[in-house]
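The values are calculated or read from the model by the stated rules, or taken from the named source; none is laboratory data. Since the structure is predicted, the reported quantities are computational estimates derived from the model, not experimental observations. Every residue, glycine as well, gets a Cβ built from its backbone with ideal geometry; the counts of neighbours run over all protein chains shown. Ligands, DNA and RNA are stripped out before the accessible areas are found, and what is left, the full protein with its side chains, is counted by its heavy atoms. Shrake-Rupley method; radii C 1.70, N 1.55, O 1.52, S 1.80 Å.
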Amino acid sequence: MATIHNLGFPRIGAKRELKFALEAYWKGQSSLDVLKQVGQDLRRDNWALQANLDLAPVGDFAFYDQVLDMSFTLGNLPARVQDFHGDALDNYFRVARGRSAQSAEDHAQCCGGVAAGEMTKWFDTNYHYIVPEFTAETQFKLDATRLLAQLAEAKAQQVKAKPVIIGPVTYLAIGKSKDDSDRLALLPQLLQVYTELLETLVAQGVEWVQMDEPILVTELTAEWQHAFNLAYHQLKSCRIKLLLATYFGPLADNQYLAANLPVAGLHVDAIHARSEVVPLISMLPAHKVLSVGVINGRNIWKTDLNATLDWLEPIAERLGERLWLAPSCSLLHVPVDLDSEVKLDAEVKSWLAFAKQKLEELQVLATALSLGRAAVKVALAVNQVAIDARRASKRVHNPQVKAALETLTPQLGQRQSTYAQRAEKQAALLKLPKYPTTTIGSFPQTAEIRQARSQFKAGSLNLAGYEQAMKTEIERSVREQESLGLDVLVHGEAERNDMVEYFGEQLDGYAFSQFGWVQSYGSRCVKPPILFGDISRPQAMTVGWIKYAQSLTRKPMKGMLTGPVTILNWSFVRDDQPRAVSCYQLALAIREEVLDLEKAGIHVIQIDEAALREGLPLRKSQWKEYLQWAVESFRITANGVQDETQIHTHMCYSEFNDIIAAIADMDADVITIETSRSDMELLDAFDNFNYPNEIGPGVYDIHSPNIPTQQHIMQLMQKAAERIPAERLWVNPDCGLKTRQWAEVLPALTNMVAAAHTLRAA
């Protein structure tokens, strides 16, 4: 029988228990002991759900981020936190978010806020990790406390444990050198610590260790390919079996390298690279295990079990006990349990599988391979009914939407005039000062907002009462912005639960879960809408709220929309048609909203494309095709407006230097980007690229509770002005402010506006 295992499990809990425990501790409302107990309870529950596996992951649980966990395990702490002498978990939070709980900061002067670690996307997912920091002087020192503690818990629960750690080459590859030193020069020293870690696990009776090396699915230079050979030929001396785990894409030209590294097993993502499985069998040494990721760990659709068995059965015959089965990647990227969904549309629900259900699918496949399909004929029959029903559903296919796509022409994506011509007209209309100030869209989601939303959903507050409550919050946001002296205002998005879910709820072709939460970073969770069918917009979605906000002020009010690429990338997307087709459908729907906002007298419209970079294929050879349809989708959405209407877009926490030409091709009048955590390093792209339009480099890190000083903001803007003419610079935070509190937001924005005034005077 094939060995079944899992690469990782969602850590937040079915009801977001980790989120609430973290935030309670950070606010000083709970103790460190309570937080640690919640973590232990979640690990216990997660292992219970994986009890039928032959091997379950240990070490995949993190209080904030698994990459940050690895940095602490390796003793790779930034110099700014090395003198901390409190609990290690408080120091961990200081790196993650700039500070820990207030009570923890009070115990010594050294424990105040520090610069939070830079954050970026984990490959092509919406999960954010804390970027490891390196210098030529970096020293590594093993601290296996966290991993050994979780291993002891697993043993006590009789879990068949497989520790999970990030491999040494991927760890170096995803980090950043702070002094431009060669990261690979650190590899020999790093391998000494990995050797020590593996031998420590041997002493605990561990047989298998999962070594995550997803960097193998990217294009590697000869230098980095050599690093793999160097690393694993050194680690092969350890008395332990290594399962080298790759995921998120095909190995391509790294197939031979991966197959011949001296490890006991190799995991490949058969969702993205099924065609590689059979060739890999021929490349693998006769003793080596092949783990095949047969269940999609990134999406929530049921697996077609019969079709999977059709191609898997011959492989099982060839490999026998050397075949392992698993999801394609960690299940971190899907919700926990579909059984929690009692309000979800029944038909759509029948097509879905969350983390728990995916492991059940895995069990069915393994049983069928071992005992024959007859042993699981009922499960296979039920699965087939759901698969067939989805394919035939009229709710999935809308002939009118498909007909609209046939009318797409290049002209739909063209502005009437060049940027230079538009800029003159916009300046005359908006009359903005130099260094104009604005925010990215959202303001704090207060207790009053959440209470009104909860009461409205529960039926204890009627529609009129809910709308009045939201208008009260919108008015508060407008008055606060006028008091602060901001130049271009926003309505604050009080009525929006999430920047994607809000729009999905009003578009045909979407369905929504109640507990389908997925971790984005730390305590931040998102509930991606389920894009199951052809997309259309029945009616206006934002116009009423934005018109009301504009009626409260004479200053320009931004209409706030989420762009088609971001809605696509932050949804659970249908897998029965190309992603580009779904994106074009979204573009046409959001275009209608843009034009309605313009008709309502809104002269500044922001169309967020925070996830544009995220959808980029991991191999550069595939970038051109993606960027073509992604940029075209944005242009279709944005470019039907008059010259006087100023189009903004926003991008956050993504390395975009290598796609700056595509971003320029979007032809937005203003782009706003995250640059505060990277100390404006993201603006290096403008050293060699003459970006033609206006740009707002984020100067306020909204993911940290720390309040930026006026001096710090001015320093960041002065760095920006070295690359971009001052007359084309905006001053803004690096993202929306919904997760912050007014007590943090107001002083931070006060400093931001003051910095802009000083810059103008200079």
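For the reader, a short list of remarks on this structure follows.
- Search result, residues across the stretch 13-29 that are out of contact with any Asp or Glu (no Cβ under 9 Å at 6 or more places or on another chain) and either in contact (Cβ under 8 Å) with a residue 60 or more places away in the chain or open to solvent by 30 Å² or more (accessible area, probe 1.4 Å) (or both): Lys15, Arg16, Leu18, Lys19, Phe20, Leu22, Glu23, Tyr25, Trp26, Lys27, Gly28
- Screening Val342 on (1) touching a Ser or Thr at 6+ places or on another chain (Cβ under 7 Å); (2) assigned to a loop (DSSP other than H, G, I, E, B) shows it passes everything except condition (1).
Listed here are the residues, each with its yes/no results for (1) modelled with pLDDT of 85 or more; (2) in a helix (DSSP H, G or I); (3) surrounded by fewer than 21 Cβ atoms within 10 Å (Cβ to Cβ).
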position	(1), (2), (3)
Leu595	yes, yes, yes
Gln606	yes, no, no
Ala610	yes, no, no
Ile636	yes, yes, no
Gln642	yes, no, yes
Ile647	yes, no, no
Asp658	no, yes, yes
Asp684	no, yes, yes
Phe689	no, no, yes
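- Those residues of the stretch 47-79 which are of a type outside the set (A, V, I, L, M, F, W, C), open to solvent by less than 20 Å² (accessible area, probe 1.4 Å) and either touching a strand residue (DSSP E or B) at 6+ places or on another chain (Cβ under 8 Å) or over 15 Å from Ile165 (Cα atoms) (or both), in sequence order: Gln50, Pro57, Gly59, Tyr64, Asp65, Ser71, Thr73, Asn76, Pro78
- Matching residues in the stretch 692-719 - criterion: being open to solvent by less than 10 Å² (accessible area, probe 1.4 Å) and either outside any helix (DSSP H, G or I) or modelled with pLDDT under 85 (or both): Asn693, Ile695, Gly696, Pro697, Gly698, Val699, Tyr700, Ile702, Ser704
- In the stretch 367-389, residue nearest to Ile315 (Cα to Cα) [restricted to those that are open to solvent by 30 Å² or more (accessible area, probe 1.4 Å) and among the small types (Gly, Ala, Ser)]: Ser370
- Residue in the stretch 499-515 that is more than 27 Å from Pro564 (Cβ to Cβ) and either at pLDDT below 95 or in contact with a Leu (Cβ under 9 Å, 6 or more places away or on another chain) (or both) present: no
- The residues in the stretch 52-85 that are of a type in the set (A, V, I, L, M, F, W, C), free of Cβ contacts under 8 Å to residues at least 24 places away in the same chain and in a loop (DSSP other than H, G, I, E, B) can be counted, and the count is 1.
This table checks each residue for (1) over 21 Å from the mean Cα position of the chain (by Cα); (2) part of a helix (DSSP H, G or I); (3) touching a residue at least 24 places away in the same chain (Cβ under 8 Å); (4) on the phi < 0 side of the Ramachandran plot.
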{"residue": "Leu429", "(1), (2), (3), (4)": "yes, yes, yes, yes"}
{"residue": "Lys434", "(1), (2), (3), (4)": "yes, no, yes, yes"}
{"residue": "Gln445", "(1), (2), (3), (4)": "no, no, yes, yes"}
{"residue": "Gln451", "(1), (2), (3), (4)": "yes, yes, no, yes"}
{"residue": "Ser454", "(1), (2), (3), (4)": "yes, yes, no, yes"}
{"residue": "Ile474", "(1), (2), (3), (4)": "yes, yes, yes, yes"}
{"residue": "Ala494", "(1), (2), (3), (4)": "yes, no, yes, yes"}
{"residue": "Phe503", "(1), (2), (3), (4)": "no, yes, yes, yes"}
{"residue": "Ser513", "(1), (2), (3), (4)": "no, no, yes, yes"}
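Table: residues versus (1) open to solvent by 10 Å² or more (accessible area, probe 1.4 Å); (2) closer than 18 Å to Tyr247 by Cβ.
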{"residue": "Leu309", "(1), (2)": "no, no"}
{"residue": "Arg322", "(1), (2)": "yes, no"}
{"residue": "Ala326", "(1), (2)": "no, yes"}
{"residue": "Ala346", "(1), (2)": "yes, no"}
{"residue": "Glu361", "(1), (2)": "yes, yes"}
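- Consider the stretch 428-453 and keep the residues that are open to solvent by 70 Å² or more (accessible area, probe 1.4 Å) and not charged (D, E, K, R). The one that is farthest from Ala754 (Cα to Cα) is Gln451.
A quick yes/no check of all residues on (1) out of contact with any Phe, Trp or Tyr (no Cβ under 8 Å at 6 or more places or on another chain); (2) more than 23 Å from Asn639 (Cβ to Cβ):
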| position | (1), (2) |
| --- | --- |
| Gln506 | yes, no |
| Leu531 | no, yes |
| Trp545 | yes, yes |
| Pro564 | no, no |
| Ala587 | no, no |
| Arg591 | yes, no |
| Glu598 | yes, no |
| Gly601 | yes, no |
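- Hey, Gln468 open to solvent by 50 Å² or more (accessible area, probe 1.4 Å), more than 17 Å from Lys738 (Cβ to Cβ) and of a type in the set (S, T, N, Q) or not: yes
- Being touching a Phe, Trp or Tyr at 6+ places or on another chain (Cβ under 7 Å), of a type in the set (Asp, Glu), surrounded by 20 or more Cβ atoms within 10 Å (Cβ to Cβ) and modelled with pLDDT of 95 or more is a description that does not apply to Asp212.
- Just one of the listed residues (Ala326, Ala355) is among the small types (Gly, Ala, Ser), farther than 30 Å from Pro285 by Cβ and under 23 Å from the mean Cα position of the chain (by Cα), namely Ala355.
- Count of the stretch 390-420 residues which are assigned to a helix (DSSP H, G or I), open to solvent by 100 Å² or more (accessible area, probe 1.4 Å) and touching a residue at least 60 places away in the same chain (Cβ under 8 Å): 2
- Test for Gln29: is it over 19 Å from Ile165 (Cα atoms), over 22 Å from the mean Cα position of the chain (by Cα), among the polar types (S, T, N, Q) and part of a helix (DSSP H, G or I): no
- Residues of the stretch 723-745 that are assigned to a helix (DSSP H, G or I) and either of a type in the set (S, T, N, Q) or surrounded by fewer than 16 Cβ atoms within 10 Å (Cβ to Cβ) (or both): Ala726, Glu727, Trp742, Ala743.
- On inspection, Lys36 fails the criterion of being of a type outside the set (Phe, Trp, Tyr), open to solvent by 20 Å² or more (accessible area, probe 1.4 Å), farther than 21 Å from Ile702 by Cβ and in contact with a Phe, Trp or Tyr (Cβ under 7 Å, 6 or more places away or on another chain).
- Members of the stretch 280-301 found to be within 16 Å of Glu360 (Cβ to Cβ) and surrounded by fewer than 21 Cβ atoms within 10 Å (Cβ to Cβ), listed by number: Trp301
- Verdict on Lys471 being modelled with pLDDT of 95 or more and of a type in the set (D, E, K, R): yes
- Of all residues in the stretch 227-255, those satisfying the criterion of being in a helix (DSSP H, G or I), more than 20 Å from Glu207 (Cα to Cα) and either open to solvent by 10 Å² or more (accessible area, probe 1.4 Å) or among the aromatic types (Phe, Trp, Tyr) (or both) are Phe228, Asn229, Leu230, Ala252, Asp253, Gln255.
- Meets criteria (in contact (Cβ under 8 Å) with a residue 12 or more places away in the chain, out of contact with any strand residue (DSSP E or B) (no Cβ under 8 Å at 6 or more places or on another chain) and either among the β-branched types (Val, Ile, Thr) or assigned to a helix (DSSP H, G or I) (or both)) for Ala258: no
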